[in-house]
Amino acid sequence: MTSKLKTKIPVGYFHFHDDVGLNFQFNRALVNQCPMDEMMEAAQNIKTYADVKDVMTVLAEKALAERRILNASFYCRFAEFFCFGDSAEKKRLFDQFIQLFYKALEADMIERHKIEYPGGFLKAIRVKPDRSKTGTVVVHGGGDSFVEEFYLSVRGLVDEGFEVIMFEGPGQGEPLQKYNIRMTHEWEKPTKAVLDYFDLDNVTLVGISLGGYFALRAAAFEKRIRRVIAWDVVYDFFECVMGRNGMLKYYIINALVSINAKPIINCIARRQMRGKEMEKWIYDQMMYTFGAETPFDYLKTLKRYRCTKDISSSVSQDVLLLAGADDHIIPVRMYERQFKALVNARSVEGRIFTKEDHASNHCQVGNIGLTLNYIIDWINRKSSEGVT
């Protein structure tokens, strides 16, 4: 792959906004090449989550008028991300993001594929290296992600000689937006469909964010995966979500969900949503992604997203676990619990990134380049060791 579009992954995690969720999204946009000064100014104009769409839409129009197509595409994604639920505006912004993204990166020769799947199609993209292939890396995201938003983060793998295949499964990107295929905890099913479609064997699977759970789950069932990387360790997603504001709340909600106290849970959730914008956005976005009718249904579904003893003990491959010491979404305690649970893995290695690394935040946003180099070194080393 020889691209005319030169990009540089920034180093540093910056303060754009007092809201931790919004601040993280601004830092993600930096990774995707959105200009610092333009976003700093935009952040000052955002007082509520409802402001995001209008502010980012204006920025997208400005960037497009200045022929900054990549910037325009990611401003559309930023705006789409904060559109609530299943709306016509959300779908319009999604379509615009996709159109502009591939226009901006047409020199990268990105192949686009549709893979048959119950209810519609999964989406995959493939990029081949210019030189001899040194291996295949399959990448997917987590909750409500698009392959395009991770593309610039993993593009360096292609420069190192790897064929990179990225896919969207149920609850993500096009399968959700176009075919209404909702999220599943059984990630081995879409992974199998992708491996079959491309006739793959001896691959490295990388799961980003909640994809850390998905990747380990897929590896437990699918042995064509020889190396698996949890680019954030989600041992128990229910605990990640409900333990954000303290473990007492987690234990109370866990007990109420366990006894099917639906009216009480829904009442608690609605009260939270009235008081906190981030809580409302999380519930609305995740209920849409998971296909849940009520907050209780969403939380009940989350309890399936766990790397239980049976799943973890079935992982027999080489495993790399990555975590951030200050992750605001996935607590660092998940790392040690997952590490100990992988009792039958061929090998388990990992790293907790720190503030000194500029990579202590979720999915190491702040120093993606450092993380990617760490991943590349690990894959090369494990590939050279072979599989016994």
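The values are calculated or read from the model by the stated rules, or taken from the named source; none is laboratory data. Quantities reported herein were computed from a predicted structural model and do not represent experimental measurements. No Cβ is skipped: glycine too gets one built from the backbone with ideal geometry, and neighbour counts run over all protein chains shown. For the accessible areas, the whole protein counts, side chains as well, though only heavy atoms, and no ligand, DNA or RNA atoms are used. Shrake-Rupley method; radii C 1.70, N 1.55, O 1.52, S 1.80 Å.
Assorted remarks:
- Among (i) 131; (ii) 120; (iii) 141, the entry that matches volume of the Cα convex hull per residue in Å³ as calculated here: (i)
- Net charge over other residues, Cβ less than 9 angstrom from the Cβ of M287 (K, R count +1; D, E count -1): -3
- Separation in nanometres of the label points that stand 7 Å from Cα toward Cβ, at N180 and E116: 2.2 nm
- Calculated from backbone phi, Karplus (6.51, -1.76, 1.60) coupling profile of region 61-77 in Hz, x at Gly/Pro: 5, 5, 4, 5, 5, 8, 6, 9, 5, 5, 4, 4, 5, 6, 5, 5, 5
- The residues of region 55-165 have, on average, 38 Å² of accessible surface per residue, using a 1.4 Å probe with all protein chains present.
- Region 336-360 and region 62-90: distance between their alpha carbon centers, rounded to Å: 35 Å
- Solvent exposure of region 245-297 amounts to 54 Å² per residue of accessible area, where only protein heavy atoms count and the probe is 1.4 Å.
- Taking label points 7 Å from Cα along the Cα-to-Cβ direction, R274 and S316 give a separation of 5.5 nm.
- Protein accessible area in the chain, 1.4 Å probe - carbon and sulfur %: 52 percent
- Counting only lysines at least 8 places from K249 when in the same chain, those with an alpha carbon closer than 30 Å to its own are K47, K262, K276, K280, K300, K303, K309, K340, K355.
- Placing unit charges on each Cβ (+1 for Lys and Arg, -1 for Asp and Glu) gives the chain a dipole about its Cα centre, and among F82, S153, Y179 the Cα reaching farthest toward its positive end belongs to Y179.
- The chain - charge dipole about Cα centre, Lys and Arg +1 at Cβ, Asp and Glu -1, debye rounded to 20: 680 debye
- The GluC sites (Glu not before Pro) found in region 1-103 that occupy coil by DSSP, while having at most 13 further C-beta atoms within 10 Å, are E66.
- For the residues Y250, Y283, Y298, a GNM of the chain with alpha-carbon springs under 10 Å puts the largest fluctuation on Y250.
- For the chain, adding -39500 (n - 2.57) for each run of n ≥ 4 DSSP H residues and dividing by the number of residues yields -15000 deg cm²/dmol at 222 nm.
- Residue-normalised convex hull volume from the C-alpha trace of region 1-152: 138 Å³ per residue.
- Peptides 193-201, 362-370 ranked from most to least packed give 362-370, 193-201, packing being the mean of other C-beta atoms within 10 angstrom over each peptide's residues.
- Label-reachable residues, region 148-189, where backbone N falls under 14 Å from a point 7 Å from R337's Cα toward its Cβ: none
- The chain: most fluctuating residue of D327, D37, D54 per GNM, C-alpha cutoff 10 Å: D37
- Phi-based couplings in Hz for region 290-302 (Karplus 6.51, -1.76, 1.60; Gly and Pro marked x): 8, x, 9, 7, 9, x, 4, 4, 4, 5, 4, 5, 4
- Estimated FRET transfer efficiency (K249, T354; beta-carbon r; R0 41 Å; 0.05): 0.90
- In region 221-299, GluC sites (Glu not before Pro) in a DSSP loop with at most 15 other beta-carbon atoms within 10 Å: E293
- Rounded to 5, percent antiparallel among DSSP beta bridges of the chain: 30 percent
- Between L205, A50, L93, the Cα set farthest toward the positive side of the dipole of the chain (charges on each charged residue's Cβ, about the Cα centre) is that of L205.
- Long-range amide H partners of L105 with built H, under 5 Å: none
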